[in-house]
Structure formats: structure tokens, C-alpha cells
1. Could you give the distance between the Cα centres of the range 32-49 and the range 78-119, to the whole Å?
2. According to the Kirkwood expression over distinct Cα-Cα pairs, how big is the hydrodynamic radius of the chain, in Å?
3. Average the reciprocal distances over every distinct pair of alpha-carbons in the range 116-225, invert the result, and give the Kirkwood radius in Å.
4. Average the reciprocal distances over every distinct pair of alpha-carbons in the range 1-42, invert the result, and give the Kirkwood radius in Å.
5. Given C-alpha coordinates of the range 81-155, what is the ratio Rg to Rh with the Kirkwood estimate of Rh?
6. List, largest first, the extents of the alpha carbons of the range 1-72 along their principal axes, each in whole Å.
7. In what order, largest first, do Val118, Val156 sit by accessible area if the probe radius is 1.4 Å?
8. With a cut-off of at most 15 other beta carbons within 10 Å, and DSSP calling the residue loop, which GluC sites (Glu not before Pro) in the range 1-74 qualify? Please list them.
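The values are calculated or read from the model by the stated rules, or taken from the named source; none is laboratory data. Everything quoted here is computed from the prediction, not taken from an experiment. Methodologically, a virtual Cβ is constructed for each residue, glycine included, from the backbone with ideal geometry; neighbour enumeration extends over all protein chains shown. The area values use the complete protein model at the heavy-atom level, side chains included, leaving out ligands, DNA and RNA. Shrake-Rupley method; radii C 1.70, N 1.55, O 1.52, S 1.80 Å.
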Amino acid sequence: MSATLYQQIQQFYDASSGLWEEIWGEHMHHGYYGADGTVQKNRRQAQIDLIEELLTWAGVQTAENILDVGCGIGGSSLYLAEKFHGQATGITLSPVQAARATERAKEANLSARSQFLVANAQAMPFADNSFDLVWSLESGEHMPDKTKFMQECYRVLKPGGTFIMVTWCHRPTDESPLTADEQKHLADIYRVYCLPYVISLPEYTAIARQLPLNNIRTADWSTAVAPFWNVVIDSAITPQAIFGLLRAGWTTIQGALSLGLMSRGYQRGLIRFGLVSGVK
């Protein structure tokens, strides 16, 4: 991972994570609004429902040693540790996130069953075959080398363990290449959210086959999660959120002003919410 991209991602989340938690809570990912995206529900409940739907979809019923790659402030890590009565390790590029996740673990009486580290997901500080669940919820889009990232996740996964990756994708390009306008739309998203690039779900599937993962499953849940961005946009237009944005600084303000990029990306079919799971 290049130093510049590493620093941009770190600074983005160092600056914005406190505001996100203050306004939107501990889960820094999409919500699930039913398969057709029409179920009305509380935003936090939608985020919890996404976790549960993913576990059901991937067939995960137990997990003793969990790795959360791109853990944010520990939302998924602590949820999974509590649900499965297991050990959870979270990694992030943001020292601010790692510190807050550690605090949240203490508040939830989960310190003995969790740890949070600042680490590079493309060169993880773990032995081979360490975890029986490797969980990556909306972090793959930040990775500058998607193949290296998935190889690392595979390396630290125990034989028989499950890998679940959920990531932002662009539409498949097997029938038609991305247009110049679509490429510009993606470039705007990359710039705002510190992404090197995204790829399509079929491209991720090809990488998964090369690892080689077994029992590979993929799905596109774009319709189920697309309403999330409009919910976030609506909740950002409050005095509390506006004052928080001013405190957080320009990069966070820029991210908030650009929420519509993601909403429009879903509407035009350019942005896709891709799922990949498999067993080692």
C-alpha cells in the first residue's frame, strides 16, 4: 500500500469516525432494507440486520476466532464476539478508530475477548491459519491490490474456516465497458472516499477461485442496501450533524457533501454492493 494512500485513508477516518459515531452510531457500513429495498426500518436496525443477513447467507453458525479486516470503531467485531462468544481481532489503518474500538470493548465488558490493532490488511501481522472467520465488511474498496488483499485473508484463514467479503463494486463490464461518464463518476467517488479503484463482482469471483476458496458464493445486494445513502443524507441535515461537520474539518465536510455520488451511483446501476464467501 502506498504511503500516500495509507495516510489519506488514515487521516480520513481519524477525522470522521468521531462524528460518524456521534450522529450514526458504531456501525460504519450499509443497512439492509429487505431483498427489494422497500422495508422501512430504523437505520441502526438496518445495519444490524445486514450483519445477520450476511451470516445467514454465508451459513456461519459458529466462530471461535474472528478477524474483522477494516474494523472501524469495532461495530462488527464486538457484535460478532458477543454473538458467537468468541475472540475478535480488528485491524484498521486509523489509530483513532483502534483506540475508540478498544474503549468500546471495555464499555461492553468485552476487553478479554477482543483486540484492535493498527495494521495493513495487505501485510497482516498474523500467523497462517489463525482465524476461523475472516470478515471484511466494506474495506476491500480501499485496497490498492485486490488480489494481494484476498491472498492475505486466505493466508490467515484456518482450513475449514469461512471468508466473507462485502465490498463496493462497479457494474460488470463483460457486455459493455465503462463509459467516460461512468469513469468520471467513479473517479469522483474515489477522490472523496480515498479509494484507489474498485472492480466488478465477477473479477472478485475470479480472484476467489484462484486462491483457491471452496464453496464460493457471490451475490449482488445493491437493491437491498441502496436506500441507506438517502437515509444518511436526510440525517446529515440537522444542526447536530452540521456543527459536527464543521468541527471535523474539510475532508469530512467534503465526504458529507458527496453522499449523493453514492446514491446516484446506485440509481444508475454503476455502483454495486458485492458479496463473496467461501471456505478454505
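1. 25 Å
2. 18.9 Å
3. Final number for the Kirkwood radius of the range 116-225 is 15.2 Å.
4. 12.7 Å is the Kirkwood radius here.
5. 0.97
6. Its Cα atoms span 39, 31, 21 Å along the three principal axes.
7. Val118, Val156
8. Passing sites in the range 1-74 are Glu64.
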